[in-house]
1. Can you list which of the DSSP-assigned H helices in the chain have a Cα extent of 24 Å or more along the long axis and an average Kyte-Doolittle score of at least -1.0?
2. Where the only charges are on Cβ atoms (+1 Lys, Arg; -1 Asp, Glu), what is the dipole of the stretch 5-151 about its Cα centre, to the nearest 20 debye?
3. What is the distance, in nm, between label points placed 7 Å from the Cα along the Cα-to-Cβ direction at Val145 and at Gln167?
4. I want the local charge near Leu37. Using Cβ-Cβ distances under 12 Å, sum +1 for each Lys or Arg and -1 for each Asp or Glu among the other residues.
5. Got a number for carbon plus sulfur as a percent of the stretch 1-138's accessible area, 1.4 Å probe?
6. Determine, for each peptide in 224-237, 39-52, 245-258, the mean count of other beta carbons within 10 angstrom over its residues, then list the peptides with the highest first.
7. Take every DSSP beta bridge whose two residues both sit in the chain, then give the antiparallel share in percent to the nearest 5.
8. Using DSSP, restrict attention to beta bridges with both residues in the stretch 104-190 and report what percent are antiparallel, rounded to the nearest 5.
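The values are calculated or read from the model by the stated rules, or taken from the named source; none is laboratory data. Small disclaimer: the values here were computed from a predicted structure and weren't measured. Note that we place each Cβ from the backbone using ideal geometry, even for glycine, and neighbour counts take in every protein chain shown. Accessible surface areas use protein heavy atoms only, side chains included; no ligands, DNA or RNA. Shrake-Rupley method; radii C 1.70, N 1.55, O 1.52, S 1.80 Å.
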Amino acid sequence: MPSLKDLRNRITSVKATQKITKAMQMVAAAKLRRAQLAAEAARPYAERMETVLAGLTANASADSAPVLMTGRGADKVHLLVVCTAERGLCGGFNSSIARLARDKANELISQGKTVKILCVGKKGFEQLKRNFEKHIVDVIEFRSVKQIGFPQAELVTSRVLEMFEAQEFDIATIFYSRFRSVIAQIPTEKRIIPLDMDQAGPKLDVEYEPDEATILEKIVPRNLTVQIYRALLENAASEMGAKMSAMDSATRNAGEMAKKYTQQYNRSRQAMITKELIEIISGAEAL
């Protein structure tokens, strides 16, 4: 049984941890609102971009469409762009994305496909390197970036385009967590190369100037950056939501643990006092 000093040290340690988790919860709550607004603002733009592409694709001929949108007609080599957080302490946020990517990689490997993984975020790399270290081609980290912006999406896009132009992969899929609420983040996979037109909105019957092929050459790479930017914003909001929920649970657990140790301390202290009184009374009676 621990001594009174050990129990006092445990109570002090748990209460100090509770203060830290409470502070982290408040910081996550403050960041969540800004990240949530940014993610929600990016959704209509990204969806409208896909709608425009659907209309352009309907009017453009198959020969004039850029290879970035149609692909090269092969599906032998797959690139998985796995977007996770740079830090932990956010519950199962990182694990759920890594698990989805891991299942997809195993499925492709079982079909005889070649899998390459581009990790965006330190935590995804740490989890995937255990089983897929040989498949990881690069890691992009944003630990020094306070707030994710369009330049970070352009950096990821440039790396993906560099690999595509070098014919290092045929199909690219991005993995991220779509923000729904503080307690609900949905792990999502989305094909970005070639463009998944099944997920686009309704096609538009409009006339374009200049011709569709010229517009597609400019807009398809831009759309790739927009979709990656949307994924990064959704991830940022989901991370803050998951961290806020995880720190709230940790704070409540620390409070319950401190209460448990306090009760144990009081009982042990009362038992020692009672024992000392019995010894004093027994000694007095012996005299």
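1. Those that pass (Cα extent of 24 Å or more, hydropathy at least -1.0) are 4-59, 93-110, 212-286.
2. 1160
3. 3.1
4. +3
5. 52
6. Highest mean packing first, the order is 224-237, 245-258, 39-52.
7. Antiparallel: roughly 35 percent of the beta bridges in the chain.
8. Counting DSSP beta bridges with both partners in the stretch 104-190, the antiparallel share is about 65 percent.
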